[in-house]
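Accompanying notes for the structure given below.
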Amino acid sequence: MHDVIIIGGGPAGLTAGIYAARASMKALLVRSAFNPSLITTTDLIENYPGFPDGIGGFELVELFTRQALRFGLEITDDDTSAVSRHDEGGHACWKVQGSSGAHTALSVIVATGTEYAHLGVPGEAEFTGRGVSYCATCDGPFYRGGRVVVVGGGDTAVQEALYLTNFAASVTIVHRRDRLRATAVLQERAKANEKISFAWNAVVEEITGDDAVRAVRLQDVRDPAAKRTLEADGVFIFTGTIPNTGMLKGVADLDNSGYITVDSHMQTSAPGIFACGDCTRKLLRQVVTACGDGATAAFAAYEYVSGLKGTSYGGYTP
Amino acid sequence: MAQEKLPDNPGTVLTLTDQDVDQAIATYPFIVVDCWAEWCGPCKMLTPIVESLAQKNQGEIVFAKLDVDKNPETARKFGIRSIPNLLVFKNGQKVGDIVGAMPEAKLLERIRALKG
């Protein structure tokens, strides 16, 4: 039995892992072998302190992983399907079920992050991999000289649109409102970039093509009868995220959108289960806030486990 | 770098290029070509999975990888727009492509479905 099992190999989970390992907890981090942290698909992170020239998302997660391994964190690749109450030798604990076996622990830290939401429009599923993409760093270089559409108006959409201008001849940002939500510095860069243009107050109604994407059909949100066609070789979709929290349904409280509700100690409604990072209900989903949450979750889990074992140093009130 | 010579019964992942990919497709009755690039994070997640499958399925399925950045001809020829992308060839004909990373068991299931 472990003291703590951390589910998720992104910034929140790895930071929790660093703190748990340094506290000499018997800790295991389970990360998905095929569903990597979303931040690994971001080409440039400019707002994580300590990297004045920015750093790639994949590279940053590799550094976090190396740092956690240095303190002896055990990491395994498996796909977690369920977290459930368990009894081991008369001690109440949690069982974390994976596809290649189960692990038990006194506490669990859920740091499973989010995945990109789909638009759910005709053509989207059909053309995924043939023009529809959710990863600009993976697929941007295939659009050298091409016409690209980016759907969304937040930080990710604008950051990825800027990245795509390295390859594409033109990038059109399609956004349902008349202004962007993205942070000011990104908005200024996008507006100053001559390759980027905007389709305001517009939503994608359909993605069309033959063997690959050829165009998107746009609808005006103010006048649904007003439609137009935008020729495109690629469509990159960054309209939001959905939390990977299915494993906690019925175990801990989630909000209406599926995000895990936690208190300021990252404690969920289920005693011994903590959660941190993008999968929780919170104001700002960034690497830096995920790391902060992860550290708090690990410390709270440490105090919780110490309390169970009767070895608490004291001073912590859940 | 291209393969020196295509082995009879590889149990490891072959490295193919624009120069020898056609020959490999013609040589092996069933071959899966993992198209990847250095810039692609999810591709790196898939690499150990493909290596594991190559070992476990020796004699039945041949696995190869091709860097699309260094071998643009192949990427263009097969209309690759997303990676990781596993091109699947049976008796010299493309029978499908599998886009995106996924767990080993699911990937093998998809490949077997194409093998028939």
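The values are calculated or read from the model by the stated rules, or taken from the named source; none is laboratory data. As the structure is a prediction and not an experimental result, all values here were calculated from the model. All Cβ positions, even for glycine, are placed from backbone atoms using ideal geometry, and neighbour counts span all protein chains on display. The protein model used for the area step is the full one, side chains on, heavy atoms only, and it has no ligands, DNA or RNA in it. Shrake-Rupley method; radii C 1.70, N 1.55, O 1.52, S 1.80 Å.
Structural remarks
- Among A:HIS265, A:HIS91, A:HIS175, the residue with the largest mean-square fluctuation in a Gaussian network model of chain A, with springs joining Cα atoms closer than 10 Å, is A:HIS91.
- Within a straight-line Cα-Cα reach of under 17 Å, A:LYS309 can be paired with the following aspartates and glutamates, leaving aside sequence neighbours fewer than 8 residues apart in one chain: A:ASP3, A:ASP87, A:GLU88.
- Chain B: Cys lacking any partner C-beta under 4.7 angstrom: B:CYS35
- Spatially close Lys pairs in segment B:14-115, defined by Cα atoms under 18 Å apart and a spacing of eight or more places or different chains, total 14.
- Whole-Å distance, taken between Cα centres, linking segment A:266-292 and segment A:212-234: 37 Å
- Put simply, when A:131-140, A:35-44, A:223-232 are sorted by average Cβ atoms within 10 angstrom per residue, most first, you get A:131-140, A:35-44, A:223-232.
- DSSP H segments from chain A that extend 24 Å or more along their own axis, Cα-based, with Kyte-Doolittle mean of 0.0 or above: A:287-309
- Of the residues in segment B:74-90, those shielded by at least 40 Å² of accessible area once partner protein chains are present, compared with the chain alone at a 1.4 Å probe, are B:ARG81, B:SER82.
- Rolling a 1.4 Å probe over the protein chains gives B:ASP69 an accessible area of about 80 Å².
- Per-residue SASA remark: A:ASP293, around 20 Å² accessible (1.4 Å probe; ligands, DNA and RNA not included).
- Each helix, a run of at least 4 DSSP H residues, gives -39500 (n - 2.57); summed and divided by the residues of chain B, these come to -10500 deg cm²/dmol at 222 nm.
- Portion, in percent, of the accessible area of the protein assembly as shown that falls on carbon or sulfur, probe 1.4 Å: 49 percent
- Helical runs assigned H by DSSP (4 residues or longer) give chain A a calculated mean residue ellipticity at 222 nm of -7000 deg cm²/dmol, each run adding -39500 (n - 2.57) before division by the residue total.
- Mean shadow area of segment B:73-116 over all directions, Cα convex hull, nm²: 3.3 nm²
- A simple spin-label model places the labels of A:GLU231 and A:ALA212 1.5 nm from each other, with each point 7 Å out along Cα-to-Cβ.
- Percent of Cα pairs exceeding the 41 Å cut-off, where the set is the protein assembly as shown: 22 percent
- For segment B:14-115, the Kirkwood hydrodynamic radius from C-alpha pairs, put into Stokes-Einstein at 25 °C and a viscosity of 0.890 mPa s, yields a diffusion coefficient of 184 µm² per second.
- Net length available on complete extension from A:ASP220 to A:SER81 is 46.0 nm, with 0.36 nm assigned per residue and the Cα-Cα distance removed.
- Counting Cβ atoms of other protein chains within 10 Å of each Cβ in A:234-240 and taking the mean gives 0.
- With all protein chains kept in place, the per residue accessible area of segment A:118-237 amounts to 44 square angstrom at a probe of 1.4 angstrom.
- Anisotropy class of segment A:118-237 from Cα gyration tensor, a/c 1.5 cut: oblate
- Report note on the peptides A:149-155, A:180-186: ranked by the mean count of other C-beta atoms within 10 Å, highest first, their order is A:149-155, A:180-186.
- For chain A, cysteines whose Cβ has no other cysteine Cβ within reach (under 4.7 Å): A:CYS93, A:CYS276, A:CYS279, A:CYS291
- Here segment A:98-205 is assigned +1 on the Cβ of each Lys and Arg and -1 on the Cβ of each Asp and Glu. Its dipole about the Cα centre then comes out at about 280 debye.
- Kirkwood hydrodynamic radius of segment A:193-318, from inverse mean 1/r over distinct Cα pairs, in Å: 18.5 Å
- From the C-alpha gyration tensor of segment A:1-94, square roots of 5λ in Å: 29, 15, 9
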